[in-house]
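Since the structure comes first, as structure tokens, the remarks are kept for the end.
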Amino acid sequence: MDFKKQLLMTLSKQIKETNTLEVPPNQTFGDFALPCFKLSKKPEELQKSLKLPNFIEKTEVKGPYLNFFIKKEYLAEQVIKKILKEKEKYGSQNLGRNKTITIDMSSPNVAKPFGIGHLRSTIIGNSIAKICEKLGYKIIKINYLGDWGTQFGKLITGYKHFGSEKELQKEPIKYLLDIYVKVNQDPSLEEESRQWFKKLEEGNKEALQLWKRFKDLSLKEFNKIYKILNVTFDVISGESLYNAKMEAIVKELKQKGLLKESEGALVVNLEEYNLGVCIIQKSDGTSLYATRDIALAIDRYKTYKPVKMIYEVGSEQKLHFKQFFKVLELMGNNWAKECVHVDHGLYLDKDGKKFATRKGKTVFMIDILNETIELAKQTIKEKNPNLKNKDEVARKVAIGAIFYGDLKNTRTRDITFNIEKFLDFEGDTGPYIQYTCARASSILKKAGKFKQTVKGINDKEKELIKELGKFPEAVVNANKQLSPHLIANYTFQLSQKFNEFYHACPVLTEKEPIRSSRLAIVQATKYTLASALSLLGIEAPEKM
Ligand code: ARG
């Protein structure tokens, strides 16, 4: 079905010089254009002499170009038939059969608010997972919680000094954050905090009990967020699991002559790679984030034998990933080159500042999500007062708006978190695309049964069908570049083409066989748009 490839093949057999095919900016110049400036024959000569594949309807000479037009009916027949046959599976492939990819994603920190960066990691990681899955890979989504580190010494100390079970029960994360802030404000608690963390590392029962309680409560709060987002994980892991592996790592690094002592700490010197030093063990004997990541990667590789290990984490951790990937490589792990840090930029607020606080106060993710759902609900009430399941539709629209607002951008870019804009039903937004999908659903519902054959295709229809034909390639490219925005942009293009078609070509009022033919196109669009949205983690309500 790749017309370009097929045409190019036919041409290369007949033209000696290497040639390429361009896609003209506008369909009036045909579907493909052969630039002839560098060829020995003029386009007029080529037009006369070339033997063409049977899907080409005609050719035209425009300046130095020879333009090719695909037969509309043939195109429609090929594309629409395939989609109607494959339904939601359209765009799937088995490139990844028997291959596993792990994705480290979301990974918030226990006893701390779920950050906006964790939201990006959740959204982007989730989409990458779905894109890889579409191509047949086995995906393991891993939520690697920040559940170890000196902050737990502080939290335990704080809780012992001014903790209240009742408050903790009520709003665990907000309350633990308060405690944390208080301890940090009181220098006299520093030593005690260090002691408690030491005790925790040594396996002290009381310390472990409190730690576990903070962790369980936090996870319960995080799960509320994941439920709203409709994101799931295959594995919940955490830094605490890898703390115990520090000694083995230290031993191996020593054996391989990679470890140096520096002011009481143990480090791997990476200066010759321009990566500074990677600290493995602090002078007080405790492990670090990087130490745990090294142990984790080794364990993950052993457990899953993945062809790729993806870490979806903010760009501010670039150096950290470069460092520990390098250490893994120096340790002789060949697979280290298959570790990828898939990074993302910051969320900015409307004034262009880092989005973290509101009027000096921390913003809590659960509040942002609920506010967005509320806003979506208001719009839905205005637009469609009789709609059933308003709450569920509002959740889908709000989450669609947030996911799309993120995923339409190249992930490394900083993006502005602008809920009103994200929620707009017009323009390059999630709700606009969901609305387009709902429009297709509604036409199909009203239509009842129809004959699934295409007839009498016009130019508008052809444009839409061509766009439908591009979906498989968009999936492949999004996977190659680990870039969900290619899918997001595709959903927007497709929606625009569909809406142009919708306004230009009547469907339900049309006579047979055109009516059926158009319905087949609507049906194919619905399958394709809904599966593209699902690759972004966005649900498409039937009505909204
Ligand atoms: N918990 C970390 C943070 O919030 C992110 C962890 C990312 N994953 C990893 N394997 N380092 O910054």
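Evaluated at q = 0.12, 0.15 Å⁻¹, a Debye calculation over the C-alpha positions of the stretch 394-465 (equal weights, vacuum) places log10 I(q)/I(0) at -0.50, -0.68. Computed from Cα atoms, the angle from the helix 151-162 axis to the main principal axis of the chain rounds to 60 degrees. With q set to 0.11 Å⁻¹, the log10 of I(q)/I(0) for the stretch 410-516, from the Debye formula over equal scatterers at the Cα positions, is -0.45. Over the stretch 1-119, the pair-distance histogram of Cα-Cα distances with 10 Å bins from zero comes to 11, 30, 20, 15, 12, 9, 3, 0 percent, rounded to whole numbers. Geometric descriptor of the chain, per residue, is 193 Å³ (volume of the convex hull of the Cα atoms). Relative to the longest principal axis of the chain, what angle (0 to 90°, nearest 10) does the C-alpha long axis of helix 116-134 take? Result, in degrees: 50. The P(r) of the stretch 173-298 has a tail past 19 Å containing 63 percent of all C-alpha pairs.
Surface analysis of the stretch 419-459 yields an accessible area of 52 Å² per residue, using protein heavy atoms and a 1.4 Å probe. With the simple model of a label 7 Å out from the Cα in the direction of the Cβ, Lys85 to Glu73 spans 2.0 nm. Across the stretch 262-370, the fraction of Cα-Cα pairs farther apart than 16 Å, rounded to a whole number, is 68%.
Once the Cα-Cα distance is subtracted from the 0.36 nm per residue extended length, the Val235 to Asn334 segment shows a gain of 33.2 nm. Taking label positions 7 Å along the Cα-Cβ direction at both Asp351 and Lys199, the computed distance is 4.3 nm, reported to one decimal. Please pull out the direction-averaged projected area of the stretch 318-378, using the convex hull of its alpha-carbon atoms, in nm² to one decimal place. Average of the hull's projected areas for the stretch 318-378 equals 6.9 nm².
Per residue, the accessible area of the stretch 77-181 comes to 38 Å² when a 1.4 Å probe rolls over the protein heavy atoms. Rolled with a 1.4 Å probe across the full set of protein chains, the surface gives Phe37 an accessible area near 130 Å². Ignoring ligands, DNA and RNA, what percent of the 1.4 Å accessible area of the stretch 319-457 is carbon and sulfur? Exposed carbon and sulfur together represent 48 percent of the surface. By a 1.4 Å probe calculation restricted to protein chains, Asp299 has an accessible surface near 50 Å², given to the nearest 10.
Taking only the C-alpha atoms of the stretch 131-176, Rg followed by Dmax gives 18.3, 54 Å. For the chain, the longest principal axis of the Cα atoms and the long axis of helix 246-255 meet at an angle of about 80 degrees.
Classify the stretch 380-434: rounded, prolate or oblate, from the alpha-carbon gyration tensor (a ≥ b ≥ c, eigenvalue square roots; a/c under 1.5 rounded; otherwise prolate if a/b is larger than b/c)?
Values: a/c = 2.84, a/b = 2.34, b/c = 1.21.
Prolate, because a/c is 1.5 or more and a/b exceeds b/c.
The values are calculated or read from the model by the stated rules, or taken from the named source; none is laboratory data. Keep in mind it's a predicted model, so treat the numbers as computed, not measured. Please note: Cβ atoms are built from the backbone with ideal geometry, for glycine as well, and neighbour counts cover all protein chains shown. Just so you know, the surface numbers come from the protein's heavy atoms only, side chains and all, with ligands and any DNA or RNA stripped out. Shrake-Rupley method; radii C 1.70, N 1.55, O 1.52, S 1.80 Å.
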